[in-house]
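> The structure follows.
The values are calculated or read from the model by the stated rules, or taken from the named source; none is laboratory data. Predicted model, so just to flag it, every value in this text is computed and none were measured. Cβ atoms come from the backbone with ideal geometry, glycine included; neighbour counts cover every protein chain shown. SASA here: full protein model, heavy atoms, side chains in, ligands and nucleic acids out. Shrake-Rupley method; radii C 1.70, N 1.55, O 1.52, S 1.80 Å.
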Amino acid sequence: MRLLILLAAALLLTLCAPASTGLMPNPAFRQRQLHFERVRAAYVLHQTSLHQLLRRNGIRPERLELFVRAFKMGRRVEVWGREQDAGQFVLLRTYRLAGTSGTLGPKRRAGDRQIPEGFYHIDRFNPDSEYHLSLGLDYPNAADRRHAGPDPGGDIFLHGSDVTIGCLPITDACIRELYVLAVEARAAGQPAIAVHIFPFDMTAENLARRVSSPHLAFWQSLAAGYQQFEDTHQLPQVGVDAQGTYAVHQHGNPFESLLTPL
């Protein structure tokens with residue numbers, strides 16, 4: 001009888017336990033980053049205030065999920081957060097782009113000075129950057145490689161300072177905050193932090209003003225992902241089709257399996 005009671009209790013605990021997100025905390029990542037002097041200094045300056053910011057927005061730091069999006073026009077970088085797999089993202093910080101280069105439109109080759117446009121992820125943490133601290137993007141992605149020349153370039157970062165030839169500088173003070181948030185998200189188990197870069201707010205009105213642009217079709221492919229986030233404050237699932245065009249995954253779409261995930 002006692003065994004049956006114990007088994008029943010175990011089953012009840014299993015049924016009542018919250019569903020696992022599958023994300024494994026990685027506090028060792030934070031500890032490795034804290035070996036670097038600039039990261040330690042950033043934590044001393046910002047850890048307490050950023051944890052307070054997260055809690056005010058209903059986010060436990062140990063469950064942080066982060067999202068970044070940037071706009072060339074308006075020169076802003078938005079930082080959004082939520083608890084892992086829990087509802088909508090909320091806007092945490094807006095930083096000003098401290099410098100820009102190139103023009104509106106995607107990056108297509110090394111040396112063109114263009115800031116990329118599209119859907120990316122942070123794939124590198126550089127705690128000893130030439131530009132104080134920096135977070136690298138996975139440019140070129142599958143869409144960029146489909147349309148770029150033989151040398152699409154690379155090494156695109158969110159970084160400190162106010163100079164750029166294709167990166168996203170937000171000053172040393174702001175990159176310290178963003179770097180701490182990104183380390184906290186990675187330590188909480190987030191494997192890839194999405195970064196969406198747009199030429200401008202992708203509204204129908206803004207696109208209509210640019211119907212003669214050679215980039216219109218490309219921008220329209222960005223607009224679906226932009227609008228889905230605007231409508232839901234949840235990240236769109238974006239893939240790349242055989243032509244190298246961004247496509248937002250739609251539940252039940254029979255062609256979804258043909259898309260290359262980002």
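> Could you grab the relative contact order for the chain? Cα pairs under 8 Å, six or more apart, rounded to a whole percent. Don't jump to the answer; show the numbers that get you there.
Details: 485 pairs, mean separation 53.9, N = 262.
The value is 21 percent.
> Can you compute 3J(HN,Hα) from phi for each residue in the stretch 56-70, using the Karplus curve 6.51 cos²θ - 1.76 cosθ + 1.60 with θ = phi - 60°, rounded to whole Hz and x for Gly and Pro?
4, 9, x, 10, 6, x, 6, 10, 5, 10, 10, 8, 10, 9, 10
> While we're looking at this one, here's another question. Want the number for Gln88 to Asp128: 0.36 nm per residue separation, take away the alpha-carbon distance, what's left? Don't skip to the answer; put the middle values down first.
Numbers: separation 40, 0.36 × 40 = 14.40 nm, distance 3.34 nm.
Once the chain is fully extended between Gln88 and Asp128, it gains 11.1 nm.
> So if R0 is 30 Å, what FRET efficiency would Glu62 and Gln243 give, r being the distance between their Cβ atoms, rounded to the nearest 0.05?
Details: r = 42 Å, r/R0 = 1.39.
Working from the Cβ atoms, E equals 0.10.
> Continuing with the same structure: How do the peptides 76-86, 192-202, 27-37, 101-111 rank, highest first, by the average count of neighbouring beta carbon atoms within 10 Å per residue?
Descending mean neighbour count gives 192-202, 76-86, 101-111, 27-37.
> Sticking with this one: How many nm separate the modelled label positions at Val44 and Ala110, each set 7 Å beyond the Cα in the direction of the Cβ?
Computed distance between label sites Val44 and Ala110 equals 3.9 nm.
> How large is the helix-only mean residue ellipticity at 222 nm for the chain, computed as the sum of -39500 (n - 2.57) over DSSP H runs with n ≥ 4, divided by its residue count, in deg cm²/dmol to the nearest 500? Let's see the in-between values first.
Numbers: 7 runs with 86 residues, N = 262.
That comes out to -10500 deg cm²/dmol.
> Per residue, how much accessible area does the stretch 111-262 have with a 1.4 Å probe, in Å²?
Numbers: 6520 Å² over 152 residues.
Solvent-accessible surface per residue comes out at 43 Å².
> Further, regarding this structure: What is the calculated FRET efficiency for Arg209 to Asp231, with r their C-beta to C-beta distance and R₀ = 30 Å, to the nearest 0.05?
0.90
> Please give the length that would be gained between Asn26 and Gln220 if that part of the chain were fully extended, namely 0.36 nm times their separation in residues minus their C-alpha to C-alpha distance (nm, one decimal).
Details: separation 194, 0.36 × 194 = 69.84 nm, distance 3.75 nm.
Value of the extension gain: 66.1 nm.
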